[in-house]
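Down below is the structure, laid out as structure tokens.
The values are calculated or read from the model by the stated rules, or taken from the named source; none is laboratory data. These numbers were taken from a predicted model, which means no experiment stands behind them. No Cβ is skipped: glycine too gets one built from the backbone with ideal geometry, and neighbour counts run over all protein chains shown.
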Amino acid sequence: MIQLFLRDVGLSVRSGGGFGLALIFFLIVVTLIPFALGPDQSALAVIAPGVLWLGALLACLLSLDRIFGLDFEDGTLDLLATSPLPLEAVYVAKASAHWLTTGLPLSLAAPVLGVLLNLDYETGKILCLSLLLGTPALSLIGAFGASLTLGVKRGGLLLSLLVLPLYVPSLIFGSQAVRLVGQGLEFDVALILLSAISLGAAAILPFASGAALRINLR
Amino acid sequence: MLQVSNLSVARGGMTLLCGVDFSLSAGQVLVLRGANGLGKTTLLRCISGLQDSVEGQITAPETVAYSGHADGLKGQMTVLENLVFWASIYHGPSPNVALDAYNLHRLADRPAANLSAGQKRRLGLARLQVSGCALWVMDEPTVSLDVHNVALFRAALNQHVQSGGAAVITTHIDLEHASARVLDLTRFKARGVASSSAFEEALE
């Protein structure tokens, strides 16, 4: 399982792996927002948490179909399914690799890009923390969606439709936590709920995804 | 090692083969023959556990080394990296023996994307050796191999069988293997029996 994880991380960093794709998309969204809304600094600070969370979420969505799609196309997934590794472990390895190559860089880049949206240092710290707690859920739910839509040619649309509603709770609690910090209020509950979504996804989805993969490989 | 009794297999809701019976013990090679579309690949996928059978019993080892139409190679990784990866997944032997068997040492540091079709197939077959599995299930293993490389494959198969392994192979060429039995699947062909829909299968 660790070897599969390392292989996926290695492949995504190598050419054609799409490691930078999510990060560049995030950068583009966040830099274009001030141009679109005008240079009103107080207005930017108000929308910054929502924009940064939304940008990270959409950036995460971009690379979802690659999680299983590439391995399905070249036959690797068939071979993994017949190997001693259970498909649940394949899912965990691939979702973790996806998080390490998209969720983690996005979380670390968000407070830096937040400067463009007039986000102050303290709020930026909580933004980074909320993304670190919330993006695992995005990768886990996304990889589950990818395993459901496996084998659907150009299944990107279906995947987005399936996954986006499931992303909504993470988006609500994540951006709420950051907003509350900006207003100087307690934000613990939002962060706890955010972590709960990630942990719940990590507990349940490996089994759901394993079953979905098994059906789709038939 | 492998026992198949009264097996029916279906693909896309169509039962293709029914009443398939055969058994295979260590040291044997079974060659499955039949026309295109008869259900050879579907039968092999059932044996490897990728697909459920409609009815009947399969007794197979827990893990088998399956080799399908696609080789499952990563183009960005070198030949050696591909083999090392699969060896680690199967906890199999070191890739050196497999590199020897298919004459891949010279190519070891080449990215798999730069290989020719025949070279990719050799790498795909070498993967079976690093799996360390006793039962090889191979779907058209000799596609795109030249005469010389078919000989390499035959030698590797001999070696595997002599060390107590077994193999089920579908192929259209003559393998000229001493311990190979040929099973023509044509007589198991199902006659237009529609199986339950995929949805019902999923509910079961």
Out of A:131, A:116, sole residue that is over 23 Å from residue A:7 (Cβ atoms), assigned to a helix (DSSP H, G or I) and more than 10 Å from the chain's Cα centre (by Cα) | A:116
Restricting attention to region B:5-25, and to residues there that are aliphatic (A, V, I, L, M) and more than 16 Å from the chain's Cα centre (by Cα), which single residue is farthest from residue B:185 (Cα to Cα)?
-> B:14
Taking region A:124-154, which residues are buried (at least 24 other Cβ atoms within 10 Å of the Cβ) and over 25 Å from residue A:68 (Cα atoms)?
-> A:127, A:130
Going through region B:71-104 in order, the residues found to be more than 13 Å from every other protein chain (Cβ to nearest Cβ) and of a type in the set (Ser, Thr, Tyr) are B:94, B:102
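Per-residue answers, yes or no, for (1) in contact with a helix residue (DSSP H, G or I) (Cβ under 7 Å, 6 or more places away or on another chain); (2) modelled with pLDDT under 80:
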{"position": "B:111", "(1), (2)": "no, no"}
{"position": "B:121", "(1), (2)": "no, no"}
{"position": "B:140", "(1), (2)": "no, no"}
{"position": "B:144", "(1), (2)": "yes, no"}
{"position": "B:158", "(1), (2)": "no, no"}
{"position": "B:187", "(1), (2)": "no, no"}
{"position": "B:196", "(1), (2)": "no, yes"}
Residue among A:208, A:177 that alone is away from chain B (no Cβ under 14 Å) and either assigned to a helix (DSSP H, G or I) or without any contact (Cβ under 8 Å) to a residue 40 or more places away in the chain (or both) = A:177
Out of B:132, B:164, B:124, sole residue that is touching a residue at least 40 places away in the same chain (Cβ under 8 Å), surrounded by fewer than 19 Cβ atoms within 10 Å (Cβ to Cβ), of a type outside the set (D, E, K, R) and within 12 Å of chain A (Cβ to nearest Cβ) | B:132
Number of positions in region A:10-51 that are out of contact with any Ser or Thr (no Cβ under 6 Å at 6 or more places or on another chain) and either within 14 Å of chain B (Cβ to nearest Cβ) or within 20 Å of residue A:126 (Cβ to Cβ) (or both) | 18
Taking residue B:113, is it surrounded by fewer than 18 Cβ atoms within 10 Å (Cβ to Cβ), assigned to a helix (DSSP H, G or I) and within 14 Å of chain A (Cβ to nearest Cβ)?
-> yes
Of the listed residues (B:49, B:56, B:68), the one being under 30 Å from residue B:17 (Cβ atoms), facing chain A (nearest Cβ under 10 Å), touching a residue at least 24 places away in the same chain (Cβ under 8 Å) and surrounded by 17 or more Cβ atoms within 10 Å (Cβ to Cβ) is B:68
Take region B:19-44 and flag every residue that is buried (at least 19 other Cβ atoms within 10 Å of the Cβ) and in a loop (DSSP other than H, G, I, E, B).
-> B:34, B:38, B:39
Pairs with Cβ under 8 Å, 6+ apart, first in region A:103-120 and under 15 Å from residue A:29 (Cβ atoms), second among the polar types (S, T, N, Q) and modelled with pLDDT of 85 or more = A:106/A:135; A:113/A:31; A:114/A:123; A:116/A:31
Exactly one of A:85, A:70 is within 14 Å of chain B (Cβ to nearest Cβ), surrounded by fewer than 23 Cβ atoms within 10 Å (Cβ to Cβ) and either of a type in the set (Asp, Glu) or not in a helix (DSSP H, G or I) (or both), and that one is A:85
